[in-house]
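Some notes on the structure that comes next.
The values are calculated or read from the model by the stated rules, or taken from the named source; none is laboratory data. This is a predicted model, so every value here is computed, not measured. Glycine also receives a Cβ, built like all others from the backbone with ideal geometry; neighbour counts cover every protein chain displayed. The accessibility values were calculated without ligands, DNA or RNA, using every heavy atom of the protein model including side chains. Shrake-Rupley method; radii C 1.70, N 1.55, O 1.52, S 1.80 Å.
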Amino acid sequence: MDYKNTMRRTALWTALLAGSAALSCAAAQAEAPAAAPSVAVEAATLAKIREAALQSDWAYQRLADLTDLIGPRLSGSPGAAAAVKQVADAMQKAGAEVSLQAVKVPHWVRGQETAQLVDYPGRPAGLSQRVVLTALGGSGATPAAGLTAPVLVVHSMEELAARAAEVKGRIVLFDVAYDQNLADAGMSGAAYGQAGLYRFAGPLAAARLGAVAALVRSVGGADFRIPHTGATHFSDGLQIPAAAVTAEDAMLMTRLDARGPIKLHLTLTPQTLPDADSFNVIAEIRGSEKPDEIVIVSGHLDSWDLATGAIDDGAGLVGALGALETIKRLHLQPKRTIRVIAWMNEENGSRGGQTYTANNRALLGRHFAAIESDSGAGRPLGLLTSIGADAVGLFKPLQAALLPLGAAALTRRDVLGTGDLSDIERGGVPIFEPLLDNRTYFNYHHTPADTLDKVVPDNVRRQVALMGMLSWYLANMPEPIGRAASQKP
Ligand SMILES: [Zn+2]
């Protein structure tokens with residue numbers, strides 16, 4: 001999950017957990033005029049898909065192949081290229097029609113990344129202290145031998161603006177905490193949105209004021225002194241060294257700064273290489289009656305390079321792959337085309353989503369709906385969607401079929417802004433996402449700890465069931481569901 005889209009979602013999380021159950025049925029009752037739900041999509045078929053998914057580990061095995069045979073899959077890397085082939089082969093074997101869509105992706109490569117506190121009040125002579133950090137995606141580089149500079153510690157954009165005159169020639173540290181209380185209450189997306197702003201926009205703001213480098217407190221929970229990477233945004237030719245320090249090191253620097261001036265020696269040597277050639281992997285079952293009407297079911301294939309992208313976004317991706325594999329294995333033939341997409345470059349540029357939308361701009365009217373899962377590997381609780389309020393009632397039969405999974409909640413918002421689908425949504429396509437329990441998602445998100453052991457196999461089976469039932473329902477329902485609420489006249 002990248003930051004830009006998270007902000008659009010924050011409002012969602014806030015509303016969501018203020019009692020999603022109440023919200024969902026209230027939304028269903030309050031907003032949906034009594035549209036007659038279709039019985040065309042038999043409950044028996046939905047149940048068959050659910051049970052077939054719950055009894056299969058095909059998707060979990062695909063996840064293990066991705067994390068354990070390939071591992072990191074940052075755009076432009078050999079791992080990303082190998083993942084394209086691995087997923088294309090697996091979907092071919094599952095009987096899908098597979099094609100590769102060319103995408104030009106940014107090619108940023110991590111380098112050396114170290115830092116030491118070399119001066120601070122009360123420092124015993126000859127001592128320095130190690131700071132644990134990792135470069136942010138898009139970061140510029142220090143000289144090979146590093147740079148030494150005083151650190152300016154701020155806790156908000158307002159404080160940065162108020163101390164603008166002190167920034168030139170310094171390293172700016174944004175020490176802004178991830179709100180663990182929000183996360184513990186199930187609002188981890190909101191917590192991520194609030195603190196993520198500093199990762200995404202802080203370094204550029206500091207660069208504009210003449211900073212020589214920027215550091216941000218890691219955006220995520222857990223207190224094991226591990227750094228959380230993620231993309232940062234530069235423009236106007238401004239690109240300075242930028243890194244995420246661990247929460248523990250941010251707090252240390254704030255405490256030392258309260259005693260007096262501190263100095264840091266920072267070495268970051270990433271490379272920003274020319275854009276690389278890559279691909280979205282597309283695998284589909286052509287519709288029997290309305291083949292040119294498309295239901296997208298998707299997740300992103302790339303991951304950060306610090307670990308194996310098991311929860312971001314391996315689990316979501318195999319949820320999508322498994323949905324199609326289950327429908328194929330049951331020899332079911334949908335009326336509309338079900339198109340699985342493994343997006344490239346969600347983490348640092350969203351070029352995969354942008355390229356697909358640009359290539360299909362004239363066909364978006366034929367896209368019936370689009371689904372993406374990119375919020376971890378937690379237990380499914382229901383659906384999020386940006387269909388119009390008048391269409392909510394049409395999903396009651398699906399909600400009934402999802403009840404045995406404990407995933408019958410349905411929450412609607414005008415805009416979801418889901419990662420790779422945000423351009424498609426702006427093009428009017430209604431969006432769906434699985435609503436997952438993501439209370440601990442940001443403990444491992446974008447860290448060296450995003451590994452397969454963090455994934456509960458039963459949750460993958462449940463995610464496949466939900467994505468399989470939802471894509472089947474959308475591919476067969478007779479009623480039109482209209483366009484994304486945000487695009488309604
Ligand atoms: Zn992601």
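Secondary structure note: in the chain, about 55% of the DSSP beta bridges are antiparallel. Across the accessible surface of the chain, with the other protein chains kept in place and a 1.4 Å probe, carbon and sulfur atoms take up 56 percent.
Based on C-alpha pairs under 8 angstrom that are at least 6 apart in sequence, the range 111-269 has a relative contact order of 39 percent. Here the sum of -39500 (n - 2.57) over DSSP H runs of 4 or more residues, divided by the residues of the chain, equals -10500 deg cm²/dmol at 222 nm, to the nearest 500.
A 1.4 Å probe, protein heavy atoms only, puts the accessible area of K396 near 110 Å². For the peptides 385-392, 348-355, 154-161, 397-404, the ranking by packing is 348-355, 385-392, 397-404, 154-161, with the highest mean count of neighbouring Cβ atoms within 10 Å listed first.
Accessible area per residue for the chain, computed on protein heavy atoms with a 1.4 Å probe, is 35 Å².
Highest mean packing comes first when the peptides 44-54, 458-468 are listed by Cβ atoms within 10 Å, giving 458-468, 44-54. Under 5 Å from the amide H of L383 lie the amide H atoms of A409, L410, T411, L435, each residue being 5 or more positions distant or on a separate chain, with H modelled from the backbone and absent for Pro and chain starts. Across all directions, the shadow cast by the convex hull of the chain built on its C-alpha atoms averages 22.3 square nanometres.
For the range 111-269, the antiparallel share of DSSP beta bridges with both residues in that region comes to about 55%. Based on C-alpha pairs under 8 angstrom that are at least 6 apart in sequence, the chain has a relative contact order of 25 percent.
Computed 3J(HN,Hα) for the range 288-299, one whole-Hz value per residue from the Karplus formula 6.51 cos²θ - 1.76 cosθ + 1.60 where θ = phi - 60°, is 7, 9, 10, x, 8, 8, 10, 10, 8, 10, 8, x, glycine and proline marked x. Between the range 147-210 and the range 277-342, the C-alpha centres lie 37 angstrom from each other.
Using DSSP to define loop residues, name the trypsin sites (Lys or Arg not before Pro) in the range 127-205 whose beta-carbon has at most 15 other beta-carbon atoms within 10 Å. When the trypsin sites (Lys or Arg not before Pro) of the range 127-205 are filtered for loop state and at most 15 Cβ neighbours within 10 Å, R163, K168 remain.
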